[in-house]
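> This is the structure I want to talk about, given as structure tokens.
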Amino acid sequence: MPIDEKFVENLEVVGKTLHADGEHFHFIWGKGRTDGEAFSNDDVKAAYEARGEKQVPLGIHGTTVAVDWDSCVAAGSCMSVCPVQTFQWYRTEQDVPAADVIGKTFEGTGLTEQDERLDYTDKSMPIREHDCTQCMACQEACPTHAILIEPSYQSYHEKAAGTFVALKGGSENPHAHD
């Protein structure tokens, strides 16, 4: 199931994951859903069972580079095509259950190659969302359509962060902090 193109309007921010640089972070949208491809993928289900972890809904990670973790099956296609290494396998930096990344700080030192995931419970984390060039290669390569690149959603990120600045006359400035 493709990522909801209106997730920023239909879901609320439930948390965030921090980058260790102290400046960047990405939001986690919604409580997730159990009808994403990760819940019906045999490799993913077997990996959770092998770890003794319960598979739970995880939501959408990122705003302008959004990854639906409930649809992510750890194919790694996004990593193989990204020219600026926007993504990392989160478990290769902190091997914790995916539900526990909310509020965690990541250095951005996780592995970034397609086949470097620890197992199929790993997820593609947009740790360097701020470096994305909007080439759309990851969105096109994702076999489950779990990625949405939408630069105009920067204003939603800024509104949720409390840093949004409107232009004179009340018009929105999605690039107020470029």
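The values are calculated or read from the model by the stated rules, or taken from the named source; none is laboratory data. Everything numeric here is computed off the predicted structure, so don't read it as measured data. Note that each Cβ is placed from the backbone with ideal geometry, even for glycine, and that neighbours are counted across all protein chains shown.
> Can you tell me how many residues within segment 73-86 are closer than 19 Å to His157 by Cβ and either under 10 Å from the mean Cα position of the chain (by Cα) or crowded, with 17+ Cβ neighbours inside 10 Å (or both)?
1
> For segment 96-122, which positions are exposed (fewer than 14 other Cβ atoms within 10 Å of the Cβ) and in a loop (DSSP other than H, G, I, E, B)?
Of everything in segment 96-122, those that are exposed (fewer than 14 other Cβ atoms within 10 Å of the Cβ) and in a loop (DSSP other than H, G, I, E, B) turn out to be Val96, Gly103, Glu107, Thr109, Glu113.
> A further question follows. Within segment 138-178, restricting attention to residues that are part of a strand (DSSP E or B) and surrounded by fewer than 17 Cβ atoms within 10 Å (Cβ to Cβ), which residue is modelled with the highest pLDDT?
Ranking the candidates gives Ala166 first.
> When the residues of segment 51-69 are filtered to those that are out of contact with any Phe, Trp or Tyr (no Cβ under 9 Å at 6 or more places or on another chain) and not basic (Lys, Arg), which remaining residue is surrounded by the most Cβ atoms within 10 Å (Cβ to Cβ)? Full working, then the answer.
Of the residues in segment 51-69, the ones out of contact with any Phe, Trp or Tyr (no Cβ under 9 Å at 6 or more places or on another chain) are 51-53, 56, 69.
Within this subset, residues satisfying the condition of being not basic (Lys, Arg) are 52-53, 56, 69.
Values: Gly52: 6, Glu53: 14, Val56: 14, Trp69: 23.
Once the filter is applied, the top-ranked residue is Trp69.
> Can you name the number of the only condition in (1) touching a helix residue (DSSP H, G or I) at 6+ places or on another chain (Cβ under 9 Å); (2) in a loop (DSSP other than H, G, I, E, B) that Ser80 fails?
Looking at each condition in turn, Ser80 falls short on (2).
> Name the residues in segment 1-57 that are farther than 24 Å from Ala75 by Cβ and of a type in the set (S, T, N, Q), would you?
Once the filter is applied, which keeps residues that are farther than 24 Å from Ala75 by Cβ and of a type in the set (S, T, N, Q), segment 1-57 yields only Asn10.
> Does segment 50-67 hold any residues that are part of a loop (DSSP other than H, G, I, E, B), in contact with a strand residue (DSSP E or B) (Cβ under 9 Å, 6 or more places away or on another chain) and within 13 Å of Ala98 (Cα to Cα), and which are they?
Leu58, Gly59 - these are the residues of segment 50-67 that are part of a loop (DSSP other than H, G, I, E, B), in contact with a strand residue (DSSP E or B) (Cβ under 9 Å, 6 or more places away or on another chain) and within 13 Å of Ala98 (Cα to Cα).
> Quickly run through segment 27-72 and pick out the residues that are aliphatic (A, V, I, L, M) and within 18 Å of Ala137 (Cβ to Cβ). Walk me through it before giving the result.
Narrowing segment 27-72 to residues aliphatic (A, V, I, L, M): 28, 38, 44, 46-47, 50, 56, 58, 60, 65-67.
Matches in segment 27-72: Val65, Ala66, Val67.
> Could you figure out which of (1) among the aromatic types (Phe, Trp, Tyr); (2) touching a Cys at 6+ places or on another chain (Cβ under 7 Å); (3) farther than 24 Å from Val8 by Cβ isn't true of Trp89?
For Trp89, the failing item is (2).
> Still on this structure, I have one more. Under 9 Å between Cβ atoms, which residue pairs at least 6 apart in sequence (or on different chains) link something in segment 79-96 that is touching a residue at least 12 places away in the same chain (Cβ under 8 Å) and closer than 12 Å to Cys132 by Cβ with a partner that is of a type in the set (Asp, Glu) and surrounded by 13 or more Cβ atoms within 10 Å (Cβ to Cβ)?
Once the first residue is touching a residue at least 12 places away in the same chain (Cβ under 8 Å) and closer than 12 Å to Cys132 by Cβ and sits in segment 79-96, its partners that are of a type in the set (Asp, Glu) and surrounded by 13 or more Cβ atoms within 10 Å (Cβ to Cβ) give Val84/Asp131; Gln85/Asp131; Thr86/Glu129; Thr86/Asp131.
> Can you tell me which residue in segment 2-21 is nearest to Thr105 (Cα to Cα), limited to those that are outside any strand (DSSP E or B), among the hydrophobic types (A, V, I, L, M, F, W, C) and out of contact with any helix residue (DSSP H, G or I) (no Cβ under 8 Å at 6 or more places or on another chain)?
Out of the qualifying residues, it is Ala20.
Residue-by-condition table, conditions (1) part of a helix (DSSP H, G or I); (2) crowded, with 17+ Cβ neighbours inside 10 Å; (3) not polar (S, T, N, Q):
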| position | (1), (2), (3) |
| --- | --- |
| Glu23 | no, no, yes |
| Lys31 | no, no, yes |
| Thr34 | no, no, no |
| Asp43 | yes, no, yes |
| Tyr48 | yes, yes, yes |
| Ser71 | no, yes, no |
